[in-house]
Amino acid sequence: MLCETTLCDGDMTQEVADVGQLGALVQSLDRAASEYASRPAVAGRDVNLTFAQVSEVAEALARTLKQSGVKPNEPVLVRASNNAADFAAFFGVWRARGVVVPLHRLSPPDAVAQVQRKARARVEVDIEDVVASPEKWVRPATAASNNEVSPERPILEGAAFVIFTSGSTGVPKGVVLSHAAFRGKLGANQSVLRFSQLDRTLLVLNDTFSFGIWVGLLTLLSGGLLIIEKRFDANRFVETLVADEISCVGVVPTMGRLLFATLDDERLHEGKRALQKAGRLRRMLIGGETLGAELSRKLRDLIEPAPLYDIYGLTETSTSDFFLLPADYAVHPDSIGRAAPGVQFRIADDRGREIRSGEVGELLIRSPYLMSGYLHDPALTEAAFYDKWFRTGDLASVSPDGFVSLAGRIKEVIVRGGVKVTPGEIEQAAGAYPGVVSAVAVGVEDAVFGQRIHVLLVPSPRALIEINDVVDFVERRLDKFKWPDAYYASSELPTGRTGKLDRGTLREIILSGALKPVGIGRRGASGNPKG
C-alpha cells in the first residue's frame, strides 16, 4: 500500500491506494481526465488538446506500445521538444507500464548513442503529428535492433523516468526515478505552490528536463491549462504573460539574464505596467542554477506584486529540495531558503559527518523522493550516497534558523597557492556591484599558483561600468587570498543545452585566449597582493 497525495483544485487530501507497479501518476491523470474532460488541458503552437483528448492520445499510444511488444518496466525513448502532445506521450508510456526516457527531438546522433548505450531501448515514441495513426507514433529506437530483447533490470521496477543528466566526465548519467518518488514530490510541491484548475501556466522550460516536467505535470494534474512555447523568447516573454493571461511561469536564471540584456528600460517599464494592469500573474518559479542578488532584485521588481519562488533541487532528488519563499526573501536574500516538505538535510565534512551551523561543508539530502540509482552504474550510485544521504556536490552553510546558503560546487573549489576558495563567495561580491546582472568565477590552471581566480561579469547593456571601480568594490569585500586575478565581460554567461551555467566552457574559452581580460586584480603580474 502506498500513501498517495491527491491533487484537487489546489487542496491537499490523503488517500491510500494500491497502485502496484503501475504508479500513481497514471491514476492521477485518470482522475483529472474524468473530472475536467471537456476543459482545455494543453495549448501549443501546433495543436490544442482537452483533458479527454490527452487521455485518448495516451490510451491509443499505450495500446500500440503493447502491440509492439513493450514489456512492463521497459525503457521507451520519448522524443519531446515542447509539443502539445509530449505529456500525452509520457502518460501513454506509463499506461503501457513502460519507463519514460525523455530525449530531445533535435539531439544529435552522438548524444542519442550515448543515451542508448545505457537505456538500451528497443522502441521510441514521437507524437509530432497528433492526428496521425498511432502506429506512426512508434518506431524502432535509434541504434537498437528490432529483434534485440531488452534485458530485465531490477532498478527499473516501478520506475517512471530515466532522465539523463550531464556527468562530470562528459558521459550522461541515467537517473532512475520511481512513480512513488516523483508523484510524492509533486504532492510535496503542491503543498507549497497550490496549483489549481484556475491556473494558466506558461511552459518555456524544456520538457525533457525535470523542472519543465514537474511544472507541466503539476498544472495538468491540478486541472489547469498548460500553454507551451517552443522556446524562450526574451522579446515576446512579457507580452505573452499578459496576452495569454498567464498565472504561473517557470524559468531558469539564464532566461532572466537574457530578458534584461534584451529589453531596454522603457520596454521593461511598459512590461511591468502591463503585468500590473492585467493582474493575472500569481507566481514565477525560478531554479536550475544560482539566481544571484541583482537578478533576483530585478525580477522581483518586474513582476511585483506577483511573488518569486526561488527553488533549489537536483534531478536525483526529484528536484525542489529547498524553497526561498517570498516572505523570507527580505531577511535571507542570498539563501536558497528552507528545506521543502519531506526533505531532511545536513551540512557535512568530507567524511559525511554533520558540522556546526555557519560552517561550510557538503550539502547532503535525505527524503522519500530520492532516485533509485544511476542506470547501469552501481559504482557511481554508491559514490553518490553517504549511507542514505544523497551527496549533492554543493558546498553550503546553514544559519541558526535553518536557511541554507550555497558556496559553490566541491569540484569547482578554486585552489590558489594551496588555499581553497569557493566560487560562490567571489560571485556574490562581484554580482553585488550596481549594474552587474551576474558573475561567475572559475579557477584556471597556472604554472606557479596551481590555479588563478578568473571572473566573468555580465553587465546590464545600459550600465556604464568602470572596471577599476569593480575591482575596488570586490576587493573591499573579500580577504586578499580571495581576490580575483583577472576580470572579463560578456553579454551572457556560457550555458549548456539545459540552459544552465557551464563553467567548463568558460574555462576553455579563457584558456583558448578567445576571451580577453578587461581588468586585472591588485595582485598584479606577480600574483601577490599589493598594498
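Only the coordinates and a few stated rules stand behind these numbers; no lab work does. In this text, all values refer to a predicted model and were calculated from it rather than measured experimentally. Every residue, glycine among them, receives a Cβ derived from its backbone with ideal geometry; neighbour counts consider all protein chains shown.
Positive end of the dipole of the range 37-158 (Cβ unit charges, origin at the Cα centre): among Ala62, Val99, Ala37, the Cα lying farthest that way belongs to Val99. From the alpha carbon centroid of the range 414-450 to that of the range 26-47 is 47 Å.
Shape call for the range 161-244 from the C-alpha gyration tensor, a ≥ b ≥ c root eigenvalues: rounded (a/c under 1.5), prolate (a/b greater than b/c) or oblate?
Numbers: a/c = 3.02, a/b = 1.28, b/c = 2.36.
Since a/c reaches 1.5 but b/c is at least a/b, the shape of the range 161-244 is classed as oblate.
Positive end of the dipole of the chain (Cβ unit charges, origin at the Cα centre): among Leu515, Ser81, Ile163, the Cα lying farthest that way belongs to Leu515. What the phi angles of the range 133-140 give under the Karplus curve with 6.51, -1.76 and 1.60, with θ = phi - 60°, is a coupling list of 4, x, 4, 7, 7, 10, 8, x Hz, glycine and proline written as x.
Compute the relative contact order of the range 413-520 as a whole-number percentage, counting only Cα pairs closer than 8 Å that sit 6 or more residues apart in sequence.
Details: 189 pairs, mean separation 27.0, N = 108.
The value is 25 percent.
Rounding to the nearest 20 debye, state how big the charge dipole of the range 413-520 is about its Cα centre with +1 on each Lys and Arg Cβ and -1 on each Asp and Glu Cβ.
Details: 13 positive and 13 negative charges, 44 e Å.
Rounded to the nearest 20 debye, it is 220 debye.
Residue ranges 184-195, 203-214 sort as 203-214, 184-195 when ordered by packing (mean number of other C-beta atoms within 10 Å per residue, highest first). Cross-link partners of Lys66 among lysines, defined as those whose alpha carbon lies under 27 angstrom from its own and excluding same-chain residues fewer than eight positions apart: Lys118, Lys136. Expressed in nm to one decimal, what extension gain is obtained for the pair Asp472 and Lys71 from 0.36 nm per residue of sequence separation less their Cα-Cα distance? Once the chain is fully extended between Asp472 and Lys71, it gains 138.0 nm.
In this structure the amide hydrogen of Tyr488, modeled in the peptide plane, comes within under 5 Å of the amide hydrogens of Val455, Leu456, Leu457, Val518, none closer than 5 places in sequence on its chain.
Going by the alpha-carbon gyration tensor, a ≥ b ≥ c the square roots of its eigenvalues, is the range 48-129 rounded (a/c under 1.5) or, if a/c is not under 1.5, prolate (a/b greater than b/c) versus oblate? Intermediate results must be reported in sequence, preceding the final value.
Values: a/c = 2.60, a/b = 1.30, b/c = 2.01.
Oblate is the answer for the range 48-129, as a/c is 1.5 or above yet b/c matches or exceeds a/b.
Hey, can you grab everything whose amide H is under 5 Å from the amide H of Ala80? Only 5+ residues off in sequence or another chain; H modelled, so Pro and N-termini drop out. HN-HN under 5 Å from Ala80: Leu103, His104, Arg105.
Order of 456-469, 31-44, 85-98, 119-132 by packing, highest average Cβ count within 10 Å first? Let's see the in-between values first.
Values: 456-469: 16.1, 31-44: 17.6, 85-98: 26.0, 119-132: 20.4.
Top to bottom by mean Cβ count within 10 Å: 85-98, 119-132, 31-44, 456-469.
One compactness figure for the range 335-409 is 1.10, namely its Cα radius of gyration divided by 2.2 N^0.38 Å.
Between Ile410 and Ala293, the contour length at 0.36 nm per residue exceeds the Cα-Cα span by 39.9 nm. Toward the positive end of the charge dipole of the range 335-409, about the Cα centre and with charges on Cβ (Lys, Arg +1; Asp, Glu -1), which of Thr392, Gly342, Leu406 goes farthest? It is Gly342, whose Cα lies furthest towards the positive end. Averaging 1/r over each pair of different alpha-carbon atoms in the chain and inverting the result gives 24.2 Å, the Kirkwood hydrodynamic radius. Across the chain, C-alpha contacts under 8 Å between residues 6 or more apart give a mean separation that, scaled by the residue count, equals a relative contact order of 10 percent.
Computed from backbone phi, the HN-Hα couplings of the range 91-102 come to 5, x, 5, 5, 5, 7, 6, x, 10, 6, 10, x Hz, rounded to whole numbers (Karplus: 6.51 cos²θ - 1.76 cosθ + 1.60, θ = phi - 60°; Gly and Pro given as x). Each peptide in 507-517, 216-226, 51-61 receives the mean, over its residues, of other Cβ atoms within 10 Å, and ordering these scores from highest gives 216-226, 51-61, 507-517.
Test of understanding: what is the full-extension gain from Arg63 to Gln276, defined as 0.36 nm times their sequence separation minus their Cα-Cα distance?
Numbers: separation 213, 0.36 × 213 = 76.68 nm, distance 4.71 nm.
Between Arg63 and Gln276, full extension yields an extra 72.0 nm.
Normalised radius of gyration for the range 413-520, please: alpha carbon Rg relative to 2.2 N^0.38 Å, two decimal places. The partial results should precede the final answer.
On the way: Rg = 13.1 Å, N = 108, 2.2 N^0.38 = 13.0 Å.
The value comes to 1.00.
How large is the convex hull of the Cα atoms of the range 353-466 per residue, expressed in Å³ as a whole number?
Normalising the Cα hull of the range 353-466 by residue number yields 186 Å³.
Each residue of the range 239-248 was assigned a 3J(HN,Hα) from its phi angle through the Karplus expression (A = 6.51, B = -1.76, C = 1.60, θ = phi - 60°), giving 4, 5, 4, 6, 5, 8, 6, 6, 9, 9 Hz with x at Gly and Pro.
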